[in-house]
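Data first, discussion second: the structure below is written as structure tokens.
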Amino acid sequence: MCTNHRNPKHCILPPYMSDKLDALLGDDMEISTAERFRNKRKELQETVPAVTRGIDLTAKPVNKKLYREVYDAKETSADPGERIWKEGEKKTQLSKDAKNVIAGAGHVWNFYKKLFNRNSIDNKGMSIIQTIGYRERKNRPFFNAFWDSEQMQMYYGSGSPKFTNSFTTDLDIIGHELSHAVIDFEARLNYRNQSGALNESFADVFGILIKQWANKTSARKSDWLIGKNILIRKNALRSMKAPGKAFSNDPVFGDDPQPAVMKDFVKMPNTEDGDYGGVHFNSGITNHAFYITSFELSGNAWTKAGAIWYAALQDKVLLKKNASFQEAANATLQKAVLLFGKGSLAQKAVEKGWKETGVI
């Protein structure tokens, strides 16, 4: 449900769900919105990310503190829309969507700053710019949220009461999408095959951690659901605890197709119709490895498991752009030893996560 108009690289609603919405609602254009998004994503795979394409990031404000702006597209494709709020202004007259993204971006910024001493999503004080009420075309709801890696800002669709709530509803969705930006500035994992699935998985990992951290929820008390408030029928988009069981028998989306272990790895071609090697399918495996690790460590997942995964994400030697699941496992195991010691509970928990999913 994303388009080439916005040049996005990632969307929260995967193609195996957005395609079904397109089929149900009909599309009066030759190519569906989801397919147009995948075409653009393929183009972006072959180009250098925006962060190194000569874009002068210094032309934008470099902040030492949190700085946010919110725009309203008013259910159009306005770019970026009308500015309705900036840092320091009152929020009393704002819509629920606006308040959601303001609060969400605040949690994301504070999570990375307080836990990892990261200065905004680019680690250089980037302003967090967000547009609500985005819609590709008139009379057609937009069922997604995405980080635009060229515009370097967030866009949120309002959805439709018949199928979804607003895509500003879940903090983990806001965290997931803004974490795609962090990934773009760190490991820059290629968006295809296993490295693409890792890209999606790292975004889910930090999305769920941001929600857990903001709500002070421990690993063993968390539901480990991504986007549990989006679908009208109270199903979630993904489950890290039980991939493949986030939704079932849904009249629109059917059954959750994500595998949880390597023996069920979904082999798909590196094409637009093949979800570029099944990046949205197979991320369930590495998501599950992180869940097992966190459960074994107990306590708060962000203190140890999160620290290990963040350290791995920053290591461009251990976690190369085309990293496999095996290489991600090796990277996190090495970081567990470095941070918490050889033979530590952290090392054993990481090892268990990757072993139980069949990666190692």
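The HN-Hα couplings worked out from phi for segment 67-82 by the Karplus form 6.51 cos²θ - 1.76 cosθ + 1.60 (θ = phi - 60°) are 9, 10, 9, 10, 10, 10, 7, 6, 6, 10, 9, 4, 10, x, x, 8 Hz, whole numbers, x standing for Gly and Pro.
Computing FRET efficiency as 1/(1 + (r/R0)^6) for LYS234 and GLN326, where r is the C-beta to C-beta distance and R0 is 35 Å, gives about 0.45.
Couplings 3J(HN,Hα) for segment 323-333, derived from phi with the Karplus relation 6.51 cos²θ - 1.76 cosθ + 1.60 (θ = phi - 60°), are 4, 8, 4, 4, 5, 5, 4, 4, 5, 5, 5 Hz, where x marks Gly and Pro. Placing +1 on each Lys and Arg Cβ and -1 on each Asp and Glu Cβ, with no other charges, gives the chain a dipole about its Cα centre of roughly 1300 debye. Normalised by residue number, the volume inside the convex hull of the Cα atoms of segment 173-273 is 125 Å³ per residue.
Between ASN270 and LYS124, the distance separating the two model label sites (each 7 Å from Cα on the Cα→Cβ line) works out to 2.9 nm.
Database remark: amide H of ASN270 closer than 5 angstrom to the amide H of GLY277 (H placed geometrically; neighbours at sequence offset of 5 or more, or on other chains; Pro and chain starts carry no H). Projecting label points 7 angstrom from Cα along Cα→Cβ for SER95 and ASN117 puts them 4.1 nm apart. Helical runs assigned H by DSSP (4 residues or longer) give the chain a calculated mean residue ellipticity at 222 nm of -13500 deg cm²/dmol, each run adding -39500 (n - 2.57) before division by the residue total.
With both residues required to sit in segment 125-282, DSSP beta bridges show an antiparallel share near 75%. Backbone amide hydrogens, once placed in the peptide plane, bring SER77 within less than 5 Å of ARG135, excluding anything fewer than 5 places away on its chain. A cut-off under 9 angstrom between Cβ atoms defines the neighbours of SER283, and their net charge, with Lys, Arg +1 and Asp, Glu -1, is -1. Taking other residues whose beta carbon is less than 14 angstrom from the beta carbon of SER298, and scoring Lys, Arg as +1 and Asp, Glu as -1, yields +4. Normalised by the number of residues in the chain, the average gap of Cα pairs under 8 Å and 6 or more apart makes the relative contact order 14 percent.
For the pair ARG137 and THR303, a Förster radius of 45 Å applied to the C-beta separation gives a FRET efficiency near 0.50, rounded to the nearest 0.05. Pairs of alpha carbons in segment 184-243 separated by more than 20 Å make up 35% of all such pairs. Taking the charge dipole of segment 262-314 about its Cα centre, with +1 at Lys and Arg Cβ atoms and -1 at Asp and Glu Cβ atoms, the residue from ALA311, GLY299, SER283 reaching farthest to the positive side is GLY299. Net charge near GLU186, counting Lys/Arg +1 and Asp/Glu -1 over other residues with Cβ under 13 Å of its Cβ? Its environment carries a net charge of +3.
Equivalent ellipsoid of the chain: semi-axes from √(5λ) of the C-alpha gyration tensor, largest first, are 29, 24, 20 Å. Along its three principal directions, the equivalent ellipsoid of segment 52-163 from the Cα gyration tensor extends over semi-axes of 25, 17, 13 Å, largest first.
Taking a ≥ b ≥ c as the square roots of the eigenvalues of the Cα gyration tensor, segment 312-355 is classed as oblate, since a/c reaches at least 1.5 and a/b does not exceed b/c.
Need one word for segment 219-279: rounded, prolate or oblate. Basis is the Cα gyration tensor (sqrt eigenvalues a ≥ b ≥ c); a/c below 1.5 gives rounded, then a/b vs b/c decides. In terms of gyration-tensor shape, oblate. Of the Cα atoms belonging to segment 81-239, the radius of gyration and Dmax stand at 15.4, 45 Å.
Using C-alpha pairs below 8 Å separated by at least 6 residues, the relative contact order for segment 159-309 is 24 percent. Between LYS263 and LYS74, the simple spin-label model (points 7 angstrom out along Cα→Cβ) gives 5.8 nm.
A short reminder: the numbers here are calculations on the coordinates, not readings from a lab. All of these numbers come straight from a predicted model, not from anything done at the bench. Backbone-built Cβ (ideal geometry, glycine too); neighbour counts: all protein chains shown.
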